[in-house]
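See structure below.
The values are calculated or read from the model by the stated rules, or taken from the named source; none is laboratory data. Since the model is a prediction, treat every value here as computed from it, not as a measurement. Methodologically, a virtual Cβ is constructed for each residue, glycine included, from the backbone with ideal geometry; neighbour enumeration extends over all protein chains shown.
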Amino acid sequence: MRIDPAIQLRLLDLAAVDLSLQQLTHRRANLPETKAIEQAEEQLSTTQSRLMDLQTAHNDLGREMSRLESDTEAVRARQQRNSERMTSGAIKASKDLEAIEHEIATLKRRQGELEDQELELMERAEQIDADLASVTEQRAVIETQRDEATVVRDAEWSRIDDELVGVNTQRAGLIGELPDDLVALYERVAATGTPGAAPITQRRCGGCRLEFDGSTLAHLRAADPDEVVRCDSCGTIQIRTAESGL
Ligand SMILES: [Zn+2]
């Protein structure tokens, strides 16, 4: 391929634009805020399941408490009836009196047990409510962090996107001014992951940094300036400049 060296030189502008595009795309994909948002979401999901567990425990405890209350109520009613029967004087036989006294004592013990259980349940409820409050507060803190990071990330994305639009416009302008076959070659080379074009600097390829050997240098020196030359090793289009050391 033969192209005016002044036009070949413009491939360096295209390579610089492509480098900017790569850097912007990389930055867009690797913002620290994106990582922070992901971490916050993970923490929120852990916090959410912890809250659900606590809420379930809270509800279970509520049911236990109701059962305990109705048991306590039944014992109290039974005691009331017993004491009414005792004071009514209706029970005369000492055997019956003994039986009733025995039941009163048993119910009293039962009442004591139920009161202990109620205390224990109340302590557990207190702990669960304290945990619920602290985890809920924790969740609010994480949500705030996530929301703040989201605002920063979105602003940064929008800034990068504006820049990308500008650089892409610049690229389209450059492509429009360059010969199609040269652009096609450049794109083919760039698609392999190496720079499409790079300057030879101090006898080194600007793409892979390889130092050219004597015969390659001789070939480069002998090549007509119009000739489009490429690195044998990476394929990058070699742009000869005053700094090439040829
Ligand atoms: Zn190379």
Quiz item: Would segment 237-245 turn up any residue that is at pLDDT 95 or above, within 15 Å of the ligand (Cβ to nearest atom), in a loop (DSSP other than H, G, I, E, B) and not basic (Lys, Arg)?
Solution: no
Quiz item: Are there any pairs, at least 6 apart or on different chains, whose C-beta atoms fall under 7 Å, with the first in segment 9-24 and under 15 Å from residue 199 (Cβ atoms) and the second among the hydroxyl-bearing types (Ser, Thr, Tyr) and crowded, with 17+ Cβ neighbours inside 10 Å, and if so, which?
Solution: 11/186; 14/186
Practice problem: Quickly run through segment 226-236 and pick out the residues that are more than 11 Å from the ligand (Cβ to nearest atom) and surrounded by fewer than 17 Cβ atoms within 10 Å (Cβ to Cβ). | Solution: 226, 227
Self-check item: Residue, surrounded by the fewest Cβ atoms within 10 Å (Cβ to Cβ), within segment 192-222, restricted to residues that are among the aliphatic types (A, V, I, L, M) and touching a Lys or Arg at 6+ places or on another chain (Cβ under 8 Å)
Solution: 210
Quiz item: Yes or no: residue 180 under 23 Å from residue 246 (Cα atoms) and away from the ligand (no atom under 16 Å from the Cβ)?
Solution: no
Quiz item: Of the residues in segment 190-211, how many are touching a residue at least 24 places away in the same chain (Cβ under 8 Å), within 10 Å of the ligand (Cβ to nearest atom) and not in a loop (DSSP other than H, G, I, E, B)?
Solution: 1
Quiz item: Given the structure, is residue 214 free of Cβ contacts under 8 Å to residues at least 12 places away in the same chain and on the phi > 0 side of the Ramachandran plot?
Solution: no
Exercise. Test each condition in (1) within 16 Å of the ligand (Cβ to nearest atom); (2) hydrophobic (A, V, I, L, M, F, W, C); (3) within 19 Å of residue 22 (Cα to Cα) for residue 174 and report the one that comes out false.
Key: (1)
Self-check item: Conditions (1) in contact with an Asp or Glu (Cβ under 9 Å, 6 or more places away or on another chain); (2) not in a helix (DSSP H, G or I): number failed by residue 28
Solution: (2)
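Check whether at least one residue in segment 218-225 is in a loop (DSSP other than H, G, I, E, B) and near the ligand (Cβ under 10 Å from one of its atoms), and report yes or no. Don't jump to the end; show me each part of the working.
Of all residues in segment 218-225, those in a loop (DSSP other than H, G, I, E, B) come to 223-225.
Then keep just the ones that are near the ligand (Cβ under 10 Å from one of its atoms); that gives none.
No, segment 218-225 contains no residue that is in a loop (DSSP other than H, G, I, E, B) and near the ligand (Cβ under 10 Å from one of its atoms).
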Quiz prompt | Pair list, Cβ under 7 Å, 6 or more apart: segment 131-150 residue assigned to a helix (DSSP H, G or I), other residue of a type in the set (S, T, N, Q) and surrounded by 15 or more Cβ atoms within 10 Å (Cβ to Cβ) | solution = 135/47; 138/47; 139/47; 142/43; 142/47
